[in-house]
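These notes are about the structure you will find just below.
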Amino acid sequence: MEPLSYDIIIIGGGAAGFFAAINAAEIAPEAKICLLERGKEVLTKVRVSGGGRCNVTHAEFLPKELTRNYPRGEKELRGPFHSFMTGDTIEWFEKRGVPLKIEEDGRMFPESNSSETIIDLFLEESKRLKIDVLTKQAVQSLKQNNELWELSTSQENFTAEKVLVATGSNSKMWELLKELGHTIVPGVPSLFTFKITDQRIKDLPGVATNAVVRLKGEKLETSGPLLITHWGMSGPAILKLSAWGARELSDRKNFEIEVNWLPKLSSEEIVEELQRLKKENAKQHPQKYTQFDLPKRLWQSLVHASGIGAEVRWADLNKQQLEELTIQLTSGIFQVHGKSTFKEEFVTAGGVELKEVNFKTFESKICKNLFLAGEVLNIDAITGGFNFQNAWTGGFLAARAMSSDSAV
Ligand SMILES: Cc1cc2nc3c(=O)[nH]c(=O)nc-3n(C[C@H](O)[C@H](O)[C@H](O)COP(=O)(O)OP(=O)(O)OC[C@H]3O[C@@H](n4cnc5c(N)ncnc54)[C@H](O)[C@@H]3O)c2cc1C
């Protein structure tokens, strides 16, 4: 059977794949472009992303600041972000009739609040630009013969001058890339929440407050809103710790974290304030009124955990109880006994070793005319729209490099 011949083949019908295909087709309208997707449907992750709303990017407009959100890829993305980052993403979508809005925490979503808007846009643009989008085409082999790429799927054979691999964290594709000479950093989950069974938080699901969380025994520390859930802890502070600690935590089911519920105050300031409360609120029961602006139920639980009963008054507190309360407020230890998937966004740390990629073009340094973008690379971010930004940036720069060549 004669192979189907294209100028550019994009493997993977996800965020990076579609973004690259559309941009390549716009830059080089004459180029024959095909997108091969393994599944029956394309853009399945975009559909479920951001709880069905698609957190497209994050309102951070300085490349250096933006890179700080990537536990893997921080250094490598600095250059690419100077070429294509948040502002470009906003403009790209807006120009095509999909305005984005910023939420209080910086996350950006389509104004429609629906990921379907993004999917519809990508599908309409692909049609308009005559990109062949072929589904149920899992690429099973990929090799270069006389500068031409030969690909085969379960159904068809293809050839292409240039190939972009945008297959996310698919392990079979990592195997194929390994056979081509690439180094693959093994994949481990990132962005997960912590399972914690602890009396102090047992009855507090839904309580949220700012905290600093430290992985005990490591230097790793993150801050931000912490949400108590019915299974343990979640929220940005925890998700960031799971991302930055993804490798350290990958083979640990049980570990300990230290939580500081009063990150804005020093220990001295807290001790002083407790002494003041002891003196000035002598007749009051500590359990009764919250202090330090903590959510009331959390305050009560921490007071209780410090061995201070409901009947005890501030004046009755002894040195040991005050010390214990300070510890509970600033460095309580919680035993984590498992990881839970964060439903709004999760990602895999691992993929093609970054030293093997030219970040001006996202071309492989090992194989000429082979490009890599998105999660197939050993790049991942904390939650908040940064993972898609990596897909858009890589997809755009790879598209520009693939389509700027006069041969195409
Ligand atoms: C539930 C969930 C919610 C998320 N929400 C957000 C969010 O709101 N914001 C954000 O920034 N990030 C979010 N993420 C992360 C984000 O979705 C990914 O980082 C991003 O989709 C990666 O894009 P990609 O194109 O590299 O890979 P993918 O989107 O995974 O696409 C890869 C595609 O390649 C196909 N494929 C794989 N192997 C082959 C093969 N051999 N042949 C052909 N096709 C193949 C796959 O079927 C898939 O369609 C979320 C992730 C999940 C799981």
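Rule-based calculations on the coordinates, nothing more; no lab input. Note that the structure is predicted; figures quoted are calculated from it, not measured. Counting neighbours? That spans all protein chains shown, and the Cβs are built from the backbone with ideal geometry, glycine included.
Remarks
- Once the Cα atoms are used to define both axes, helix 86-95 deviates from the longest principal axis of the chain by about 60 degrees.
- Between helix 386-404 and the chain: long-axis angle, C-alpha atoms, 0 to 90°, nearest 10: 20 degrees
- Applying 0.36 nm per residue to the separation of Asn281 and Lys178 and subtracting their alpha-carbon distance, the gain on full extension is 30.3 nm.
- Highest-MSF residue in the chain out of Phe362, Phe192, Phe122 [GNM, Cα springs under 10 Å]: Phe122
- The length gained on full extension between Glu41 and Glu150, counted as 0.36 nm times the residue separation minus their Cα-Cα distance, comes to 36.9 nm.
- Within segment 112-132: backbone nitrogen closer than 19 Å to the Glu344 label point (7 Å, Cα to C-beta): 112-118
- The alpha carbon centroids of segment 132-171 and segment 344-408 are separated by 17 Å.
- Under a model in which nothing but the beta-carbon of Lys, Arg (+1) and Asp, Glu (-1) is charged, segment 192-341 shows a dipole of about 340 debye around its Cα centre.
- Shown for segment 192-341 is the translational diffusion coefficient from the Stokes-Einstein equation, using the Kirkwood radius over Cα pairs, a temperature of 25 °C and a viscosity of 0.890 mPa s: 155 µm²/s.
- A cut-off under 15 angstrom between Cβ atoms defines the neighbours of Asp203, and their net charge, with Lys, Arg +1 and Asp, Glu -1, is +3.
- The ranking of Cys54, Cys34 by Cβ neighbour count inside 10 Å, starting from the fewest, reads Cys34, Cys54.
- Legend: distances between Cα atoms for Lys95/Lys130; Lys136/Lys172; Lys219/Lys253; every pair falls at or below 27 Å.
- The fewest-to-most ranking of His304, His182 by surrounding Cβ atoms within 10 Å reads His304, His182.
- Total formal charge among the other residues, if their Cβ is under 15 angstrom from that of Leu294, Lys/Arg +1 and Asp/Glu -1: +2
- Prolate/oblate/rounded label for segment 1-124 (Cα gyration tensor, a/c 1.5): prolate
- Positive-end residue, segment 192-341 charge dipole about Cα centroid, Cβ charges, pick of Leu302, Thr197, Leu262: Thr197
- Centre separation in Å (Cα based) which lies between segment 246-282 and segment 30-85: 36 Å
- Crossing angle, helix 267-280 versus the chain [Cα axis fit, 0-90 degrees, rounded to tens]: 40 degrees
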